[in-house]
Amino acid sequence: MYHSAVWREPLLNELEETKKEKYATKSMLPDSLQRKTSLDIPNLDETQVIRHFLRLSQMNYGIESGIYPLGSCTMKYNPKICEDISRWEQFALLHPYQDETTTQGTLRIMYELEKMLCEITGMDHFTLQPAAGAQGEFTGLLITRAYYEHKKDFNRDEVILPDTSHGTNPASAAMAGYKVIEIPSTKEGTVDLEMLKKILSKKTACFMLTNPNTLGIFESEIIEIARLVHEAGALLYYDGANMNAIMGKARPGDMGFDIVHLNLHKTFSTPHGGGGPGSGPVGVKEKLGRFLPVPRVLKKQNNFCFDYEYPDSIGKIKATYGNSSVILKAYIYILLMGGNGLKETSEIAVLNANYMKKKLVDSTLYQLPYRQLRKHEFVISCEQLLSTKGIRAFDVAKRLLDYGLHPPTVYFPHIVKEALMIEPTESESKKTLDEYIDTLLKIAQEDPLLVKDAPHNTAVQRIDEIGAVKNPILTWKNIEKLNEIHI
Amino acid sequence: MQFIPNSPLKKSMLHELKLHDINDLFSDIPKEIKIENLKLPPSRHQQDVEDHMRQLARQNKSFCEMPSFLGGGYKPHYIPAVVKSIISRSEFYTAYTPYQPETSQGFLQAIFEYQSMIAELTGMDVSNASLYDGATAIGEAALMSMRITKKKTFVIPENISWEKKSILTNYTKGAGIKIKEVAYDKETGKIDLDDLKKTINAETAGFYLENPNFFGVFEDAVEEIHPLLQKNQSLFIVGVDPISLGICKSPGEYGADIVIGEGKSLGNPLDFGGSTLGIFACKNEFLRQIPGRIIGMTKDHQGKRAFCMTMQTREQHIRREKATSNICTNEGLCMLATATYLSWLGGKGLQELCETNFERGQQLRKQISAIPGFSRVFSGIHFNEFVIRCPDAAAVHTHLLRQGMQGGLLLEKWYPKLTNCMLFGVTELHNEESMTRLVSLLKEVC
């Protein structure tokens, strides 16, 4: 059975054997500018540093360790070649402000990637500037604001979204200054058209939607949704977190969406880096192109350049031009896959999800709320396990860790009780899917005590997260406070 | 198809689902919007793509081929092989945000160590696990000042980069925050204290000061600023170049409430300005208003030391529209690079590095300003960036470029009053030889 490496690895500052004396600077820097407090950063040897972080890495799980089916996160394999090329010094050692004649390679990549993303989504213009999906949303909403201000329509201060939406949607809308109206989903797990009709008004700026939604259900009424939203004079926003489901099958632009954000670190296979750097490009229809952030990348004859001359642009959203290494990796990935490969990606991602769903639901140990056919992800419930054996989704997730498998997203979307949200992606083999299914079925039949006490085989056991909140220890200066946490 | 193991099993898996055609899985998509194919070139072999990328790479000139003396907040620094080795561990770089702490202890501990070192550097009590970059961190700090003080005016120096101003405007527009600017002293390049005193009042939520500032100049009257802000119950936000904190006073020592900065210089490559790292640290009393992830130390059920994400009720996945920020994915791997870099460098190494950068800055500025026609613009003490007025900045830029060198940042485009001014930047990577060459090329222009 799986067993994680268990290193009782001290903190960096505990590795330092003797504290070095305060460094006496020979600098000409005036004394009034110099720091008077000590700088408690340990002085270690390179061997100590490398062993420390290597041991830490061994207590961490990545997609290269095994399946990582976090729903709405699209944890797919990250081709090594992308990583390798992104570190070539001609790409990595470029200064953002150096003369454009000396960065033509990267400018061309940005220009071509924008065009590729336009084709994949059916949009007219793209910006690569946003640093992550949430920043893409925020950018989209700033564009929405700029659009209505330009039209001198100052009454639209509401953003509507379904109760299945990602948490970043309402948070981004609020940050852009909008009131958020959440509408409950239908019994089918989809947008409630009647409710939407009632709420859409001259105050609506935008309706934000993920399609397929976070239940993995395709919003089949999308054409009617788009018609209603546009009839109300509002814009339709596409959260691209679930784009892995429909590449080469359908495009948000054709569905009627006006603004789209993509997550290059999901759909386009750039590694998530343990939480970034990501990239959240934003695409818009023609009428909104003038509001995109500057600079835009243009092609003039055979040369590429940045253009800042867009008076209606929202300006800048992130320093420089976006997370360039991520942009580069996504470009390489799309070249490798090609149009046919991206279509195959979505087909197999959906096939894998439906295969897993069927096996799990047929077992009757887990329940599937809402419609049968799913796209690249599905949400099952542990409600029956809870009522019969007292096992919660949380416990199932922790027990999966004992088998060396990463758990799905849990307790999301909020409308499903005891939710396990599973997105296998196209990267996993049938054998791996079968193992994952078998393990989930096995856990459902295990001794509840064993499950509720899991994990047992990880570097640490179940963690006291409440203690962490009550008694925050956030730096190594405060670790004596650990004694105040009583288990 | 590469990277898709189940491609050959399509038929048999469909059969198990009692389906005949892959399109049966897409029957829920209305016909009107279905497409057959993407109009993109077909898939390519890895070797072929690598060749293509090599051709594109040749159209870029990296720092190694073309020495650059650009200032403006981004400068190349030496990155030890240790950093590349650690961030190439795929257990780290292919991991998601550590939602499952028991299987993410490695990353979580590294973030905890990063937070600890950032707190040390900045003189603050706590740090978050990073924001997108130093520029968006100003926006987040402005919003946080508003939440804490319930006031809606935010004050910045006139001389922060135009990019930062634009980002700040975008971050604060929705909240209705008004931005006011304070002039800089045309002689010293430092903040104009008289103008600052006139601008700060009881309505001020916070004041952002950059130190060293955009012109590379140290703000040395910081001790006078804190009482002024305190009197008006306004927060003091300081933006830093973290390398300067090796020797320079930490903002915590002169009364800062929030310290932010671009952390790219600590172990991350230039990357055309991408893969940035937003440093964000503050005093303990503001902990519950921090944007972004925070990692805490706690215990597991056996009483062993353990780490997890904490104070999550501030965050979007729980609080939705009431969250302190919309940020979800941050800059995890850049943060890990910084944690590795700082531990490789050590406190002593950072002090030496800071010293070298300061000395190089002084040396190059003296050499350039000694050339007839070239003059130092601001008298204030500067770090590793400085502003020089050239006889003809555009001609200088073109001449250097022809000779395979990138000069300073042309300031006139964004700051029309700074005619013919260039913002030079220099670090430990610029050796005597390249500095001498720069100076001799500059001499040729005049």
>> With n ≥ 4 as the cut-off for DSSP H runs, can you work out [θ] at 222 nm for the protein assembly as shown, using -39500 (n - 2.57) per run divided by the number of residues, rounded to the nearest 500?
In response: -11000 deg cm²/dmol
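Taking Cα atoms of chain B, Rg/Rh with Kirkwood Rh, to two decimals? Write down the numbers at each step before the final one.
Values: Rg = 25.2 Å, Rh = 24.4 Å.
Value, to two decimals: 1.03.
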> Simple spin-label model, 7 Å along Cα-to-Cβ: residue A:411 to residue B:304 in nm?
Replying inline: 2.4
>> Quick query: amide H of residue A:406 versus all other amide H atoms, modeled in the peptide plane; which residues come in under 5 Å with a sequence gap of 5 or more or a different chain?
In response: A:67
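Counting pairs on different chains as well as pairs 8 or more places apart, how many Lys pairs in region B:212-308 have Cα atoms under 28 Å apart?
Details: B:231/B:249; B:231/B:283; B:249/B:264; B:249/B:283; B:264/B:283; B:283/B:299.
Step by step, the pairs that qualify in region B:212-308 add up to 6.
Efficiency by 1/(1 + (r/R0)^6): what FRET value for residue B:439 and residue B:28, r their Cβ-Cβ distance, R0 = 56 Å, to the nearest 0.05?
Rounded to the nearest 0.05, the efficiency is 0.25.
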>> To the nearest 20 Debye, how big is the dipole of chain A about its Cα centre, given +1 on the beta carbon of each Lys and Arg and -1 on that of each Asp and Glu?
In response: 500
> Amide H to amide H, which residues 5 or more places from residue B:125 or on other chains are under 5 Å from it, using H placed in the peptide plane?
Replying inline: B:282, B:283, B:284
>> Which residue fluctuates most in the GNM of chain B (Cα springs below 10 Å): B:109, B:100, B:289?
In response: B:100
> If each residue's Cβ is checked for other Cβ atoms within 10 Å, how do A:310, B:96, B:254, A:2 rank with the fewest at the top?
Replying inline: A:2, A:310, B:254, B:96
> Taking a spot 7 Å from the Cα of residue B:399 along the direction of its beta carbon, which residues of region B:411-446 have an amide N less than 11 Å from it?
Replying inline: B:439-446
> What is the calculated FRET efficiency for residue B:39 to residue A:298, with r their C-beta to C-beta distance and R₀ = 22 Å, to the nearest 0.05?
Replying inline: 0.55
> What is the pair-distance distribution P(r) of chain A, computed from all Cα-Cα distances in 10 Å bins starting at 0, with each bin given as a whole percent?
Replying inline: 4, 17, 25, 24, 19, 9, 2, 0
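What ranking of B:309, B:335, B:53, B:422 emerges when the number of other C-beta atoms within 10 Å of each C-beta is taken as an exposure proxy, fewest first?
Arranged by neighbour count, lowest to highest, B:309, B:335, B:53, B:422 become B:309, B:53, B:422, B:335.
Using a Förster radius of 45 Å, what is the FRET efficiency between residue A:187 and residue B:55 based on their Cβ-Cβ separation? Nearest 0.05, please.
For R0 = 45 Å, the calculated efficiency reads 0.20.
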> Taking a quarter of the surface of the convex hull around the Cα atoms of the protein assembly as shown, what do you get in nm²?
Replying inline: 35.5
> Against the longest alpha carbon principal axis of chain B, how many degrees, from 0 to 90 and to the nearest 10, is the axis of helix B:46-58 turned?
Replying inline: 10
>> Exceeding 31 Å between C-alpha atoms, which entries from my cross-link table qualify? They are A:203/A:318; A:115/A:197; A:152/B:198; A:187/A:287; A:357/A:389; A:343/A:431.
In response: A:115/A:197; A:152/B:198; A:187/A:287
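Computed from the coordinates by the stated procedures, all read-outs in this text should not be read as laboratory data. In this text, all values refer to a predicted model and were calculated from it rather than measured experimentally. FYI the Cβ positions are ideal-geometry reconstructions off the backbone, even for glycines, and counts take in every protein chain you see.
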